[in-house]
Amino acid sequence: MSLPESTHALAVGLVLLALFVTFVREWVKPDIAALGAVVGLLVLGVLTPAQVLGVFSNSAPFTIACLFVISGALGRTGCVDWLGERMARAAGQSESRLLVGLLLIGLLVSPFINNTPLVMVMIPVVITLAGRMALSPSRLLIPLSYATILGGMVTMVGTSTNILVDGVARSLGLQPFSMFEITAPALVIALAGCAFLLVFARRWLPARETLTQQFTGSGDRLFMTELFVPEGSRLNGRTLQDARLAHGAIQVLKLFRGEEEYSSPAADTRLQTGDRLVVHTRSSAMVDLRGSDLIGLHAAPAPDRSAHDLETLRRRDVVIVEALVGQTSRYVQRPIRDLDLASRYSIHLIAVHRKNASIADIGDDFQLQFGDVLLVEGTPRQIQRFCDNGDLFAITEGKTAPQRRHKAPIALASIAGVMALAAFDVMPIEGLALIGAVLVVVTGCLKPDEAYKSIEWPILMLIYAMLAVSVAMKDSGLSALAAQSLVHWGGGLSPWLVLSLVILATSIATEFISNNAVAVLFTPVVIGVALELGVDPRPFVVGVMFAASASFATPIGYQTNTLVYSAGNYRFSDFARLGVPLNLVVWLAASALIPLFWPFHP
């Protein structure tokens, strides 16, 4: 099916509207929604296969992928952990010094590496430090995310948004941005934002319990035990409820009967001789059970098994750990039954935190999503194996994989070389990024499989899909039509006011849909607006660059916000309370500074 060419602009507009609604309602993952939009445009004849394949010639996604690898090397060699250790020593027991340290790490590190892995590495550091200082992590994690967003604005490689906007602008005929062209105004904006956070974060952010605290309030030690129903037991034919094994303090996870296995058996399940039960409980509840008249819990010698109603076969002390589901986790979108937690890892999934809700009733069809925090129970070794296999990040009580700190100088030299050589125009950034990525793999900073895992493939697929949608907007005339309409509606507004409105509109859109999607869609439109006004498009492109990264008011506009949202057990309103004023700070600062550095009439 192919639509008449005169209707292409309308078709693209309708597809964009459907895509926007899908992004906001989160019916499917953003990358899948964007790829679906591309398929729709192909079916309608708005895009040709050649046009879709042509977006792969854009160097921006390739550069972003290489920088993901270099960022992974910086994390794997312990560079970020080293900074966290120094910050912990400097903070002592002062919440103010700890907050300053987090803001400085965001400002100093994010301009050079991708902020998503930075935040993932820093979350357990912050939670550990908060525990030592008797603070709630929710007082610190949002400022960490916001500081890394502000820091990422400072250089062209600080965030994928900057690279992507530059790539789209170059494809439309603009001169490429140099490495530090945006640094001066971005640094002023970042410092203003951090000053705002320093003053208001502690006043406006609440102290919220973590998922662990919600489910383990008493601090009573937990353990798992295996119980056996011996010959002659009075419990033969009795229910779990009768045996006092079906109330809140004691939970039967598995019941083994011959070759059969039953997960979470119901309270009215009747026991039989020879049954084995895997139980998890608190020590106080087990002591009470031992002292009851109905049941004797003793590890009896084999010849005397009939003397007791239940026998303890094995006990394992366990810990409860919060594990964060990353963008590249192999567990994303997989039902719980496929993970086979009990049989394969001998661990128990207690609850999942997602979007202001702690989910304790987890069925076999429950599917994990990026940003979920899992509350898992098991031995430290079992939990670590589970996290390693699924690329999860243990944020409490967890140990990360051994680091290659002796390789840190190579990783640091790699990112420094990329930035320095790009600043002197020795080679285009995409070539330098490739050299740096290959270097950190060849020298052993990252293993090849770790390099592939460090690339956030859903982001790349989203970018490529949105580049194809952008081509459809341009070739159908929708971009030009949108630019003309905006200028017409703006009447006689000055270029400065139009720029300010562009920054505001971009910032609002970023709060509800992906920052990369906003960057791709808005850049060609604002270039058209500038040309209609007869002014230099560069300040408008910078406005989109800054505003597309400035997502503070919601937890869904930027990945780092999504990560701390679950880890800090925040509510949606917590982001709005601090983020909306911060958005206003960035909007006003950007509106004032951009025309000073990039005049409308050069």
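Bear in mind these aren't lab numbers, they're just calculated from the coordinates by the rules spelled out. None of the values given here were measured: they were computed from a predicted structure. Positions of Cβ are backbone-derived with ideal geometry, glycine not excepted, and every protein chain shown enters the neighbour counts.
The slack in the chain from residue 256 to residue 94, taken as 0.36 nm per residue of separation less the alpha-carbon distance, amounts to 53.1 nm. Projecting the Cα positions of 91, 56, 33 onto the charge dipole of region 1-127 (unit charges on Cβ atoms of Lys, Arg, Asp and Glu, taken about the Cα centre) puts 91 furthest along the positive direction.
Taking only the alpha-carbon positions of region 1-148 and ignoring solvent, what does the Debye formula give for the base-10 log of I(q)/I(0) at q = 0.13, 0.14, 0.15, 0.16 Å⁻¹? Treating every Cα as an identical point scatterer, log10 I(q)/I(0) equals -0.75, -0.80, -0.85, -0.89. Highest average first, the peptides 374-384, 574-584 ordered by how many other beta carbon atoms sit within 10 Å of their residues are 374-384, 574-584.
Dividing the summed -39500 (n - 2.57) terms of all DSSP H runs of n ≥ 4 by the residue count of the chain sets its mean residue ellipticity at 222 nm at -17500 deg cm²/dmol.
Counting only Cβ charges, +1 for Lys and Arg and -1 for Asp and Glu, the dipole size of region 411-518 around its Cα centre is about 80 debye.
Think of region 422-529 as having a plus end and a minus end, set by charges on the Cβ of Lys, Arg, Asp and Glu; of 514, 470, 492, 492 sits farthest toward the positive end of this dipole.
Residue 531 versus residue 571, label points 7 Å from Cα toward the beta carbon: distance in nm? Result: 4.9 nm between the two label points.
Stretching residue 452 away from residue 508 to a fully extended chain increases their span by 16.8 nm, per 0.36 nm per residue minus the current alpha-carbon distance. Dipole size of region 1-153 about its Cα centre, with +1 on Lys/Arg Cβ and -1 on Asp/Glu Cβ: approximately 500 debye, rounded to the nearest 20. Once the C-beta distance of residue 385 and residue 412 is scaled by a Förster radius of 25 Å, the resulting FRET efficiency is 0.20 to the nearest 0.05. Packing here is the average count of other Cβ atoms within 10 Å per residue, and on that basis the peptides 167-178, 118-129, highest first, run 118-129, 167-178. Where Rh is the Kirkwood radius over the Cα pairs of region 430-548, the temperature 20 °C and the viscosity 1.002 mPa s, what D in µm²/s does Stokes-Einstein return? So the translational diffusion coefficient is about 132 µm²/s. With the charge dipole of the chain set up from +1 on Lys and Arg Cβ and -1 on Asp and Glu Cβ about the Cα centre, the Cα lying farthest toward the positive end among the listed residues 394, 336, 552 is that of 394. Here is what passes the span test in the chain: the DSSP H helices with alpha carbon length of 27 Å or more along the helix axis and a Kyte-Doolittle mean of 0.5 or above are 183-204, 457-476, 572-597.
Spin-label model, residue 56/residue 14: points 7 Å from Cα along the beta carbon direction are separated by 3.0 nm. One decimal place: the segment residue 485-residue 28 gains 161.4 nm when fully extended, by the rule 0.36 nm per residue minus the C-alpha distance. Each residue, residue 175 and residue 48, gets one label point 7 Å from its Cα in the Cβ direction; the gap between the two is 3.4 nm. Sorting the segments 26-38, 535-547, 191-203 by their mean number of nearby beta carbons within 10 angstrom, highest to lowest, gives 535-547, 26-38, 191-203. Rounded to the nearest 20, the Cβ-based charge dipole of the chain about its Cα centre (Lys and Arg +1, Asp and Glu -1) stands at 1140 debye.
The overall shape of region 408-456 is prolate: from the C-alpha gyration tensor, with semi-axes ordered a ≥ b ≥ c, the ratio a/c is 1.5 or greater and a/b exceeds b/c.
Measure out, as a whole number of angstrom, how far apart the alpha-carbon centroids of region 1-76 and region 427-471 sit. After rounding, the separation between the Cα centres reads 18 Å.
Please say if region 80-213 is rounded, prolate or oblate, where rounded means a/c under 1.5 for a ≥ b ≥ c the square roots of the C-alpha gyration tensor eigenvalues, and otherwise the choice is prolate for a/b larger than b/c and oblate otherwise? It is prolate, given that a/c is not under 1.5 and a/b is the larger ratio.
For Cα extents along the principal axes in Å, computed directly from the structure shown, the correct entry in [x] 87, 67, 43; [y] 95, 62, 47; [z] 74, 63, 46 is [y].
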